[in-house]
Amino acid sequence: MLDHIESTYVGIGFALRIFLFFQTRIRNYFEESGEFVTPLNSWKRVIEGIYLRKLNLSPFVGSIVHETPLSLFFYSKLHAITNGHVEGLFIAADLLSAILTYKIAHRVLTQLFDQEIKEKSKYKKDSELLWLTEANIQKSAYAVLLCSMINPLSIGTCLAKSSLVFHNLLLTMTFYFFITYQLLPFIITLCLTSSISLYPIILIAPALLQFSKNNSNNRSIIRICLVIILFIIVSFGILILNFFLNHQSWSFIESTYSFIFHVPDYTPNIGIFWYFFTEMFDHFRSLFVWTFQMHVLLLYLLPFTIRLRKWPQLLAE
């Protein structure tokens, strides 16, 4: 249950989103805005994919839909249940992401406070003003909740009916299960979110640090192997499920993972990829595609993992 302050902040976020959804001009602006809608998360493309599925046509022919078959199946059920009026679901998902972010912040602050108590004897007296207190924990967590509720980017994404709202919810759930040491739910949500956008796969590194500790607080090779095996099994299961949901066809790989990796669409958005590649000679394109993707997926992962091996929560962030 939410306390009075939490309920007030959630009510503010809910009222703000409801009010703006009824402002047709504002809503239309966000739905057409390149800052909030891209080929990867456009709800209009999702709707087109849903209708193609109803006609027993592959939504992955051409360059229309870039969601996975599992995501498209999920959205088609939401669309059918709500009879196309999905605004309430977007608001609920966005508010739930904000509440989970608040829970994560409170948990992290509590862990830092507990660690501070254990190590307080090592601190200098003149640093006392910087110490974390119990009162500060709740105040800071409330601030995170309020900022999440009135975050313009979050509100804009919700009004644009971008599928990123559901992606963010899944990613926030992944972080929540990570912070609360729930291995199996973490692996499932990590595999789901990685199957949608690839890049969250790098969270497997902090997961190996977080879940590999045994009762004596030492890292266990057996636990590391367990995390890796679970991740591979669940990822493979999701891939096979996508295969069967796409009428036993691998055509979705070209429209999802290959599309994300090779960036063939130059529709303007707030990312740097589209602008960089429009200004580049095709001769150098492959080099810079691989360079960009290595920066995101590989280049910093190992050094950061080594440097932050004692702080997996910081590495995950």
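The dipole here belongs to region 55-188: it is taken about the Cα centre, uses +1 on the Cβ of Lys and Arg and -1 on the Cβ of Asp and Glu, and is about 200 debye.
Can you show me the helix-derived [θ] at 222 nm for the chain, built from DSSP H runs with n ≥ 4 at -39,500 (n - 2.57) apiece and divided by the number of residues, rounded to the nearest 500. Roughly -21000 deg cm²/dmol at 222 nm, from the helical runs in the chain. Relative to the longest principal Cα axis of the chain, at what angle does helix 43-54 sit, 0 to 90 degrees, rounded to 10? The two axes meet at around 60 degrees. Working from Cα pairs under 8 Å separated by at least six residues, relative contact order for the chain is 23 percent. Ranking LEU78, SER255, ILE204 by Cα position along the charge dipole of the chain, where only Lys, Arg, Asp and Glu carry charges on their C-beta atoms, puts ILE204 farthest toward the positive end. Give, as a single signed number, the net charge of other residues whose beta carbon lies under 15 Å from the beta carbon of HIS66, with Lys and Arg counted +1 and Asp and Glu -1. Value of the local net charge: -1. Scoring 159-167, 14-22, 275-283 by mean Cβ neighbours within 10 Å over their residues and listing the highest first yields 159-167, 14-22, 275-283.
Diffusion coefficient of the chain by Stokes-Einstein, Kirkwood radius over Cα pairs, 37 °C, 0.692 mPa s: 150 µm²/s. R0 = 41 Å: FRET efficiency of LYS122 with TYR199, Cβ-based, nearest 0.05? After rounding to 0.05, the efficiency reads 0.65.
Placing unit charges on the Cβ atoms only, positive for Lys and Arg and negative for Asp and Glu, gives region 168-317 a dipole magnitude near 820 debye about its Cα centre. With contacts taken as Cα pairs under 8 Å and at least 6 residues apart, region 10-127 reaches a relative contact order of 21 percent. Shape of region 214-317 from the C-alpha gyration tensor: oblate (a/c of 1.5 or more and a/b not above b/c, with a ≥ b ≥ c the square roots of its eigenvalues). Among residues other than THR256 with Cβ under 14 Å from its Cβ, the summed charge is -2 (Lys and Arg +1, Asp and Glu -1). For region 66-198, just say rounded, prolate or oblate: build the C-alpha gyration tensor, square-root its eigenvalues into a ≥ b ≥ c, call rounded for a/c under 1.5, and beyond that prolate if a/b exceeds b/c, oblate if not. Prolate is the answer for region 66-198, as a/c is 1.5 or above and a/b outweighs b/c. The residue among TRP311, GLN23, SER195 whose Cα reaches farthest toward the positive pole of the charge dipole of the chain, with charges on the beta-carbon of Lys, Arg, Asp and Glu, is TRP311. To the nearest ten degrees, helix 183-197 and the longest principal axis of the Cα atoms of the chain are 40 degrees apart. Charges were assigned to the Cβ only: +1 to each Lys and Arg, -1 to each Asp and Glu. The resulting dipole of the chain about its Cα centre is roughly 740 debye. Rounded to the nearest Hz, the phi-derived 3J(HN,Hα) couplings of region 256-272 under the Karplus curve 6.51 cos²θ - 1.76 cosθ + 1.60 (θ = phi - 60°) are 10, 5, 5, 5, 5, 6, 8, 6, x, 9, 9, 4, x, 7, 7, x, 9, where x marks glycine and proline.
A short reminder: the numbers here are calculations on the coordinates, not readings from a lab. A quick note: this is a predicted structure, and the numbers were derived from the prediction, not measured. Here the Cβ is made from the backbone with ideal geometry for all residues, glycine too, and neighbour counts use every protein chain on show.
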